[in-house]
Each structure stands twice: as structure tokens, then as C-alpha cells.
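Just below is one structure, and these are the notes that go with it.
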Amino acid sequence: MPINKAATGWGLCRAAAFIEGPKASAMRTESRLLNPPLFLRALLVGAALASLGSNATAAVFDGKEGRPAVVREKPVANPALDHSGGKRVGKASFYAKMFHGRKMANGKRMDPRDDNAASKTLPLGTTAKVTNLETGRSAVVTIEDRGPYVKGRIVDLSPATAQSIGITRQNGLANVEVTPIAVPQPDGSVKPGAAAGEAVTEAVGTPAPR
């Protein structure tokens, strides 16, 4: 009796598929567990951040192996203000283009060409000397807004002010010293700050003392 090779081959393939079926299915299941879809991974990350609690800072990832790029702080409605007039040292950044023209904490519109600046703790209306510790340049700013809400940053400058003290779009940040000149007090008076009477260095000079 002649053998139907096509039928025999089909039968062998079906038999092999039946035998290997459970193993292949398990491998597919394991692959799905180890490599979940993108939307599922996003849900898992969101759930992890939510579990940190409402008072925790939120990590913003740069997409490179999940390494944190910046740590954003939660804005505080009524921050504890510093009326001492003492200097502080930290990072300065400047307003992104998306914030140009938006209302600031004092109700005015943010002007990228003006001396408006943001601080988390200095009273609104404070004038302060901001010195770039890398270039020695300094400028006088007026605190009119709240922020920046990024860990380690103590002041947000207008693009014009940032450029005047040597902060460019390429570097984006600089180590600065913020020294108040005049600080409004709760009773309506104005207290002279640590930089009252100091000169402002507009040109590049020797780096300011650290």
C-alpha cells in the first residue's frame, strides 16, 4: 500500500505541536511576565510613586535605565519665610519659555527681560544680589514668584538675568550665592539684608569667594 508522504508529514507536525504545546505556552507566559507591555510598566511606575505618599517628592526620570534626572518638590501653599536677610548658596536655574507671560505669585506677568525671580522662602518683594560663583558676575533681582520646586535649587531667574551673570541655555544651571539687600518684614517694615550697600559686579571678574 503506497504511503501518503504529505499526510504522514502533516500528522508528524501535529504530533510534535501537541507534544511541545505546553512547553511553548509556558515559555510565552514567562516572556510576557519578564517583558510586560509598555502601558503596564507605566502603571506599575505610577503605583510605586503613589505609594510614596502625598508629602514625598516625585522623581522625574530621564528615560535612561530609569535613572532620576531631577527630583521635584511639592509646592507649599504657605511656606515658612526667611526674614533674616542672610545669604544662602545653591543652584540657580531660569524660567523656561512656557512660563513667559504667566502670572507669578504676586499677580504680575512673568517678563523674561525683567529682573523678576522666584524663591521658595524669601518674602515677595525682597531685593537680592545673585552672584554666579563660577563667573563672578552678579545682578540684582526682585523676588516676585515662588519656586523653583526642584531639590537643590534656590532661585529661578529670568532668561535676561541668567544670561547677564553667565548662565546659558547650554549649561542651564550654576552655583550661586543669593544675598538679600532689602527684606520686607511681617509688620510692614523693611530690614536691610547682608548685601545692603554692596556693589554689583556686572562684568566677568575673579570668582566670588565661596
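Could you pull out every one of the strands (runs of 3 or more DSSP E) wholly within the range 110-210 that has 1 or more residues that are in contact (Cβ under 8 Å) with a residue 12 or more places away in the chain and over 21 Å from residue 75 (Cα atoms)?
On the way: elements: 116-118, 127-132, 138-145, 153-157, 174-184, 190-192.
By residue number, 127-132, 138-145, 174-184, 190-192.
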With the condition kept exactly as written, say whether any residue in the range 158-175 is under 24 Å from residue 194 (Cβ atoms), of a type in the set (A, V, I, L, M) and in contact with an Asp or Glu (Cβ under 8 Å, 6 or more places away or on another chain).
yes
Which of the residues belonging to the range 70-119 are within 14 Å of the chain's Cα centre (by Cα) and not aromatic (Phe, Trp, Tyr)?
70, 71, 72, 73, 74, 75, 91, 92, 93, 96
For residue 164, are the conditions met, namely being more than 14 Å from residue 126 (Cβ to Cβ) and among the hydroxyl-bearing types (Ser, Thr, Tyr)?
yes
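To keep it simple, each residue is scored yes or no on (1) surrounded by fewer than 24 Cβ atoms within 10 Å (Cβ to Cβ); (2) within 24 Å of the chain's Cα centre (by Cα); (3) at pLDDT 95 or above.
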| position | (1), (2), (3) |
| --- | --- |
| 150 | yes, yes, no |
| 168 | yes, yes, no |
| 171 | yes, yes, no |
| 175 | yes, yes, yes |
| 179 | yes, yes, yes |
| 182 | yes, no, yes |
| 188 | yes, no, yes |
Since residue 104 meets every condition but one in (1) under 19 Å from residue 171 (Cβ atoms); (2) among the aliphatic types (A, V, I, L, M); (3) surrounded by 15 or more Cβ atoms within 10 Å (Cβ to Cβ), which condition does it not meet?
(1)
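The values are calculated or read from the model by the stated rules, or taken from the named source; none is laboratory data. What you see is a predicted model, and the numbers here were worked out from it, not measured in a lab. Reconstructed Cβ throughout: ideal geometry from the backbone, glycine too, with neighbour counts over all protein chains shown.
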